Structures are given as C-alpha cells and as structure tokens.
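These notes concern the structure reproduced below.
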Amino acid sequence: MRKKKLKVFIAGHKGMLGAAILKKLKKKKNFKLFYESKKKLDLLNQKQVDTYFLKNKFDIIYLCAARVGGIWANKIYPANFIYENLTIQTNVINAAYKSKASKLLFIGSTCIYPKHCKQPLKEEYLLSSKLEESNEPYAIAKIAGIKLCESYNRQYQTDFRSVMAPNMYGEGDSFDAEKSHVISGLIGKIYNAKKKKLKKLSVWGTGKPIREFLYVDDAADICIKVMNIRKEIFHKLVKPNLSHLNIGNGIGISIKNLVFLIKNIIGYDGQINFDTSYPDGHPKKVANIKKLTTLGIKSKTTLDKGIKKTYDFYLKQKFK
Ligand code: GDP
C-alpha cells in the first residue's frame, strides 16, 4: 500500500530560510507542501490562521515567518519587531495545537542569550541575566516563542521544537544598506565603494564584536534534520526544562576580520574606517553546539565559500 504523504506547511516561504527549506523539501517525495502568499493568508490575523489550519490539518509546520533585520532595523522598528513576531508565532503555534499538528519547528536566534554571557553560549544560559539593548524587543519575542513551544509541550505533550540560529546569510538575503544584517549589508556597501572607486569606506561600530555565521542552505538542512529526529530523542536532549537547541558551527569571527574577508572576495582595496557612532550590539555571540553535534548534525559550508556564493547571488540579482 502506498504511504499517505505528510502535509507540511512552511510559514514564511518567501523569507531567506523558508525559501531554502521549501526548495529542499520539494526534492523529497513523501511530502505534500503548503505555502501561501501574505495576501491569501495574513499570519497576523488569528482568525485567518485558525481557519486555514483547521481546514488543512498539517502534520508538520516550519515556522520561519518573522520580522527580521539587522542591528539598525531593530533600532528603528522596535514595535514592529516585538508585535509582529509575538503575534505571528502565537497565532501559528496555537493553531498548530488546535489542529493537532504532530510537529512544529520554531526558528529563533542566539540574540536570545544575555549580553554578558559565558561563551560559547549554552542552551541553559537563557534568561540568566540582562539582554543586549539593541535587539531586546526581538529577543523577548523569540524567548516568548521558545516558552510557547515549551509550555504547549508540557501541558499538551505536543512536539514543538525550537532552534536558535546564529547570524544567517546567503541566497535570498536582503541587501538593503540600512536594514540588512552585516554580511549582506557589507557586500552591498563594499561593492558600491569598489564601483565608485572610493578611497575610504566607513563601517558601523568598532569592528570588535564577534559573530558566528551560518550559510542559509546549511541552516535549512539542519532544520530538516532536526525535524527528522525521533520525538523521545529530541526531547530527552533538550531537557530538563528547555525546548530549544542551538544550531550553527560554533565558529566566531570579529566584524573587523569579516570586513577584510569580504573586501578580499569583492576585490576592493580602499581604506576601512570604523564609525563608532553606530552600535556594536552583543560583544560576542558564538553558540555551544555540543547538543547538535551529538545528533550527528553538522554544517558544511565554510564562511569564505558561503560569502562567495552570496556575492554571486548579489551580482546575479543586480544584473538580471
Ligand atoms: P547583530 O548580530 O544582531 O548585531 O546583527 P547585525 O548582523 O546587524 O550586526 C552585526 C555587527 O556588525 C554589529 O556589531 C554591527 O555594528 C556590525 N556592522 C558593521 N557594518 C554593518 C553593516 O553594514 N550592517 C549591519 N547590519 N551591521 C554592520
């Protein structure tokens, strides 16, 4: 007898990670995939989300939909960051429970960890001290998402999982100079400086913060693999009271060294000045990925290779 296909909903399939997950799942035969435009399904609208979920009764949900952006976007749009993330995740997680979904994956980020935190960041350091100010509204929303998953699991024995990713980058990223994250922001700025033959380029912050970066294709692979882990194994791993798992590669690089890496890839030989009137954000964000590696899951793309691919994508979409 032919096995019935599992119904999978990807919330946020137009975003960088959602699109990468969708592309990978399309290659697998055992899933019936669902994704909707914002016009057809507004995830901020609880009634619409409830109706859609109760009608379709999904088996698996990837909750990738979120308001995301770099350090400057977080500073300018704090209300959007907290309201949209809280609302989307609350609507989707509750509808997943009501419609009896068997599994859900919630995506968060390592900005949930305190500003002055022991490194590398272990899952258990969540809520151990104050958050970093630059993205506190976003981090609070993501922490609420983790706690939603955890609370539904406790009360209703659901299988809602959450993964905390480092800074993601890659194909499908936004290259907006003001709103984007650091890698895509720098690709756009350094490329323009090269084109305009600028002798100097000013970069935000001191260059001292340390960040971990995960290429989006690797992130998508990891998310799918995490969802394939058996329920007992996953929940035993994230015990005693936490539902979240760090994903990434555990490798940190300073923003200064990142700038030089991107400068070399693009071939810009002007001078770099660090503009300290811009915020640095977290001093250091590098995850402890021991739990992930015990599952035998690893990322494979080096930062150098990932940035080259992202730069190729940037050029292709600029000149298409
Ligand atoms: P964060 O990890 O939440 O701080 O997010 P970002 O990716 O926005 O920023 C990482 C670090 O890169 C911060 O210390 C920024 O000050 C620094 N940075 C330097 N130049 C840029 C830029 O052009 N865009 C962004 N987003 N950050 C930059």
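Each residue of the stretch 58-71 in order: what ³J(HN,Hα) in whole Hz does its phi give by Karplus 6.51 cos²θ - 1.76 cosθ + 1.60, θ = phi - 60°, with x for Gly and Pro?
Each residue's phi maps through the Karplus curve to give 6, 8, 10, 10, 9, 8, 9, 5, 6, 8, 10, x, x, 4 Hz.
Using the alpha-carbon centroid of each, what span in Å lies between the stretch 118-162 and the stretch 34-83?
What the calculation gives is 18 Å, centre to centre.
Once both axes come from the Cα atoms, what is the angle between helix 78-98 and the longest principal axis of the chain, in degrees from 0 to 90, rounded to 10?
20
At 0.36 nm per residue, and after removing the present C-alpha to C-alpha distance, how many nm does the segment from Lys32 to Lys194 gain when stretched out fully?
53.8 nm
If you take the Cα atoms of the stretch 20-142, find Rg, then find the Kirkwood Rh from the mean of 1/r over all pairs, what is Rg/Rh?
1.01
Taking amide H atoms as placed 1.01 Å from N in the peptide plane, list the residues 5 or more away in sequence, or in a different chain, whose amide H sits under 5 Å from that of Leu245.
The answer is Ser162, Val163, Met164.
What is the set of long-range amide H partners of Ala287 at a cut-off below 5 Å, with H atoms built 1.01 Å from backbone N?
Leu121, Gly250
Among Ile183, Ile210, Ala193, whose Cα sits farthest toward the positive end of the charge dipole of the stretch 171-229 (+1 at Cβ of Lys/Arg, -1 at Cβ of Asp/Glu, about the Cα centre)?
Ranked along the dipole, the leading option is Ala193.
Can you run phi through the Karplus equation (6.51, -1.76, 1.60; θ = phi - 60°) for the stretch 203-217 and list ³J(HN,Hα) in whole Hz, with x for Gly and Pro?
Running phi through 6.51 cos²θ - 1.76 cosθ + 1.60 with θ = phi - 60° gives 10, 5, x, 8, x, 7, x, 10, 10, 10, 10, 10, 5, 4, 5 Hz.
Which FRET efficiency value, to the nearest 0.05, is calculated for Tyr278 and Lys305 with the Förster distance at 30 angstrom and r the Cβ-Cβ distance?
It comes to 0.60.
With runs of 4+ DSSP H residues as the only contributors, calculate the mean residue ellipticity of the chain at 222 nm using -39,500 (n - 2.57) per run, divided by the residue total and rounded to the nearest 500.
-13500 deg cm²/dmol
Quote to one decimal, in nm, the extra length available between Lys4 and Leu44 on full extension: 0.36 nm per residue of separation minus the C-alpha distance between them.
Here the segment from Lys4 to Leu44 would lengthen by 11.3 nm.
Run down the aspartates and glutamates and flag those whose C-alpha is under 12 Å from the C-alpha of Lys24, throwing out any fewer than 8 positions away in its chain.
Cα-Cα hits under 12 Å: Asp217, Asp218, Asp221.
Pull up all non-local amide H partners of Asn167: gap of 5 or more, or a different chain, and H-to-H distance under 5 Å with H placed in the peptide plane.
Here Glu212, Leu214 satisfy the definition.
Rounded to the nearest 20 Debye, what is the dipole magnitude of the chain about its Cα centre when Lys and Arg each give +1 and Asp and Glu each give -1 at the C-beta?
1360
Along Cα→Cβ, 7 Å out, is where each label goes; now give me the distance between the ones at Lys24 and Ile140 in nm to one decimal.
3.3
By how many nm would the segment from Ser254 to Glu124 lengthen if fully extended, with 0.36 nm per residue of separation less the alpha-carbon distance?
That works out to 44.3 nm of additional length.
What does the accessible area per residue of the chain come to in Å², with a 1.4 Å probe and no ligands, DNA or RNA counted?
50
Once you list every other residue whose beta carbon is under 15 Å from the beta carbon of Ile82, what net charge do they have if Lys and Arg are +1 and Asp and Glu are -1?
For residues surrounding Ile82, the net value is 0.
Using alpha carbon coordinates only, what is the Rg to Rh ratio of the chain, with Rh defined as the Kirkwood radius?
Looking at the chain, the ratio lands at 0.97.
Mind checking which of Val68, Phe81, Val49 is farthest towards the positive end of the stretch 1-81's charge dipole, using Cβ charges of +1 (Lys, Arg) and -1 (Asp, Glu) about the Cα centre?
My answer, from the dipole projection, is Val49.
So what's the net charge close to Asn246: Lys and Arg +1, Asp and Glu -1, counting the other residues with Cβ under 9 Å from its Cβ?
Here the count lands on +2.
Go ahead and run the numbers for FRET between Asn56 and Ala177, Cβ-Cβ distance against an R0 of 51 Å, rounding to 0.05.
0.85
In whole percent, how big is the carbon plus sulfur part of the accessible area of the chain, probe 1.4 Å, protein atoms only?
53
The values are calculated or read from the model by the stated rules, or taken from the named source; none is laboratory data. Just so it is clear, the structure is predicted and the values come from calculations on it, not from any experiment. Cβ sites come from the backbone with ideal geometry, for glycine too, and all protein chains shown count toward neighbours. Protein only, heavy atoms only, side chains kept; ligands, DNA and RNA dropped before computing areas. Shrake-Rupley method; radii C 1.70, N 1.55, O 1.52, S 1.80 Å.
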